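Asks: Pasting in a structure now, in structure tokens, and then I'll have a few things to ask.
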Amino acid sequence: VAYGTTFNLLMLKNYFDGIPNELLEAAEIDGAGVWTVLFRIVVPCAIPIFATLILFTSVGYWNEYFQGLVLSSGEQHYPLQTYIKQMVVNIQTTNLSMDQIEKMDKLSNQSLDAAKVFIAMIPMLVVYPFLQKYFVKGVNVGAVKG
């Protein structure tokens, strides 16, 4: 499943359209060829959009639970999201005592959903600080006067 492919392409196109032509012209005047402009000017300026697309795609794949449900051969092979979804949807009450069942009646679905969301977002919270420096400001800020 390709998450947001069209959206990602539109984001890339708009970002590359936003790179100042003066920057590219200055590189050409200095004698840079097409490949030099691409790898020394355009790609370093595009690091923030690449980080954004990597984050969006990884969050999309991380939050996917239906593929794990359809493609896994058994519950022991479920990915985390599918396991949590199945755990919340199919709560087994046969092995619980009466006290535990009464406590579960008092526990709202909102509490279970909050716990599920918290557990599921921990890996993304670990990854985000490494990508955050690319979101704060673009690389080409201050590259062109005017």
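The values are calculated or read from the model by the stated rules, or taken from the named source; none is laboratory data. The structure presented is a predicted model; accordingly, all values stated were derived computationally and were not measured. Cβ coordinates were reconstructed from backbone atoms using ideal geometry, including for glycine residues, and neighbour counts include every protein chain displayed. Accessible surface areas use protein heavy atoms only, side chains included; no ligands, DNA or RNA. Shrake-Rupley method; radii C 1.70, N 1.55, O 1.52, S 1.80 Å.
Asks: For residue 85, work out the one condition from (1) open to solvent by 100 Å² or more (accessible area, probe 1.4 Å); (2) of a type in the set (Lys, Arg); (3) modelled with pLDDT under 80 it doesn't fulfil.
Replies: (1) is the only condition that residue 85 fails.
Asks: Return yes or no: is residue 15 surrounded by 13 or more Cβ atoms within 10 Å (Cβ to Cβ), in a loop (DSSP other than H, G, I, E, B) and either in contact with a helix residue (DSSP H, G or I) (Cβ under 6 Å, 6 or more places away or on another chain) or modelled with pLDDT of 80 or more (or both)?
Replies: Criteria not met by residue 15.
Asks: Sticking with this one: Name the residue that is least open to solvent (accessible area, probe 1.4 Å), counting only residues in segment 55-79 that are part of a helix (DSSP H, G or I) and among the aromatic types (Phe, Trp, Tyr).
Replies: If we take residues in segment 55-79 being part of a helix (DSSP H, G or I) and among the aromatic types (Phe, Trp, Tyr), then 62 is least open to solvent (accessible area, probe 1.4 Å).
Asks: Here's a follow-up. Residue check: is residue 134 at pLDDT below 70 and under 23 Å from the mean Cα position of the chain (by Cα)?
Replies: Yes.
Asks: Same structure again: Looking at 36, 52, 6, 94 in this structure, which one is open to solvent by 80 Å² or more (accessible area, probe 1.4 Å), part of a helix (DSSP H, G or I) and either farther than 20 Å from residue 120 by Cα or modelled with pLDDT of 80 or more (or both)?
Replies: Matching residue, one of 36, 52, 6, 94: 6.
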